[in-house]
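Asker: First the structure, which I've put down as structure tokens, then a few questions once you've had a look.
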Amino acid sequence: MRLKLRGALVLKEAIVSCPGGHGLSSTTLAPARERAAAEARSVRRHHHSQTPLKDKDVSLRRVAVLIGSVTPMLTAPAIAQRQGEPQAPQFDVAAVTPFRDSFAIIVQGQARGWEVHALERTATGFLYIERMSLGSANHGSAEVLLDSQLKPTRAQDSTVVSGKSFGSDVHYSGQHAIGVAWLYTDSGPRKIPIDTVLPTGAFDGRAFMGLVLTLDWHSGAQYALTMFETDQGIVTQQLTVIGEEHITIPTGSRNVFRADLRDLTDPTTTQAPVSIWVTVTRPHRLVKVGGVTGDFSTVLVAASP
């Protein structure tokens with residue numbers, strides 16, 4: 001399971017020269033529709049000898065691959081919560097504000113690339129966009145069409161890592177996701193069908209960074225986020241709002257909420273959490289994403305409007 005720090009992960013993959021380069025298994029992505037929802041995460045089948053990346057190689061990051069992070073909003077119904085129990089996310093359409101923000105990808109204290117996150121209104125809803133680049137050999141993009149209730153209708157992404165191309169194109173009808181992923185395997189490029197039914201409350205992970213801004217941010221808030229990732233299947237992460245902080249970034253000083261994102265899919269994982277800093281003022285804006293070691297981060301450098 002990989003948490004969300006796309007650009008830094010791509011750079012790390014390029015540096016360590018992993019066989020597949022993208023974190024995708026070279027084995028078949030069997031249609032999860034044929035299995036119970038609880039097994040849907042096996043859309044990406046893991047075999048130790050063939051999995052390019054392991055937890056120790058991806059101590060950061062989905063938050064998904066590179067631009068992986070699509071997002072449908074199949075909002076789960078509100079249910080009674082016990083004290084301290086993570087809640088199902090309720091994405092608030094009223095909190096959506098169009099934006100276009102630019103980030104620097106910082107690796108061991110040096111700027112190595114850029115990311116752009118944007119949310120636009122369309123005639124039928126919204127379009128979430130991500131672009132990133134770490135040079136001509138490592139770059140990617142993703143676009144997620146959302147309806148007026150933040151539910152996905154189509155998600156596309158295209159990624160190049162160390163000169164090798166990957167991507168996917170998924171159409172949504174309710175909780176049914178169907179499409180195709182293409183990836184580079186040890187035997188060359190191949191296309192793999194996607195045909196799966198998402199469990200209640202799940203959403204497509206590539207729009208995570210846009211949709212997370214519409215949550216109810218307050219100290220102590222906890223959310224259990226169930227996401228569909230085209231390279232991993234169904235994954236679950238917990239977002240916990242730790243509290244308020246004051247940080248300084250290139251665009252100035254900001255009062256922010258800091259939240260930690262942890263993987264719940266694999267209880268045995270040793271992967272460290274990723275931290276997310278979001279403005280206290282509304283509409284909330286993402287200002288920084290980073291790992292606990294500080295080696296990799298994305299930092300806001302320009303915001304519009």
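The values are calculated or read from the model by the stated rules, or taken from the named source; none is laboratory data. In this text, all values refer to a predicted model and were calculated from it rather than measured experimentally. For neighbour counting, all protein chains shown are included, and Cβ atoms are generated from backbone atoms with ideal geometry for every residue, glycine included.
Asker: Among the strands (runs of 3 or more DSSP E) lying completely within segment 123-208, list those that include at least 2 residues that are out of contact with any Pro (no Cβ under 9 Å at 6 or more places or on another chain), within 21 Å of residue 102 (Cβ to Cβ) and not acidic (Asp, Glu).
Answerer: 125-133, 139-147, 152-161
Asker: Looking only at segment 158-186, how many residues end up being acidic (Asp, Glu) and at pLDDT below 95?
Answerer: The number of residues fulfilling the criteria is 1.
Asker: Pairs only if they're at least six apart or on different chains, beta carbon under 8 angstrom, first in segment 125-146 and under 14 Å from residue 207 (Cα atoms), second in a loop (DSSP other than H, G, I, E, B) and of a type in the set (D, E, K, R); list them, first residue then second.
Answerer: none
Asker: While we're here: Which one of 254, 262 is of a type outside the set (Gly, Ala, Ser), part of a strand (DSSP E or B) and farther than 30 Å from residue 145 by Cβ?
Answerer: 254
Asker: If residue 227 satisfies every condition in (1) modelled with pLDDT of 95 or more; (2) within 25 Å of residue 101 (Cα to Cα) but one, which is the exception?
Answerer: (1)
Asker: Oh, and also: Mind checking whether some residue in segment 137-144 is surrounded by fewer than 17 Cβ atoms within 10 Å (Cβ to Cβ) and either of a type outside the set (Ser, Thr, Tyr) or under 22 Å from residue 290 (Cα atoms) (or both)?
Answerer: Checking segment 137-144: at least one residue is surrounded by fewer than 17 Cβ atoms within 10 Å (Cβ to Cβ) and either of a type outside the set (Ser, Thr, Tyr) or under 22 Å from residue 290 (Cα atoms) (or both).
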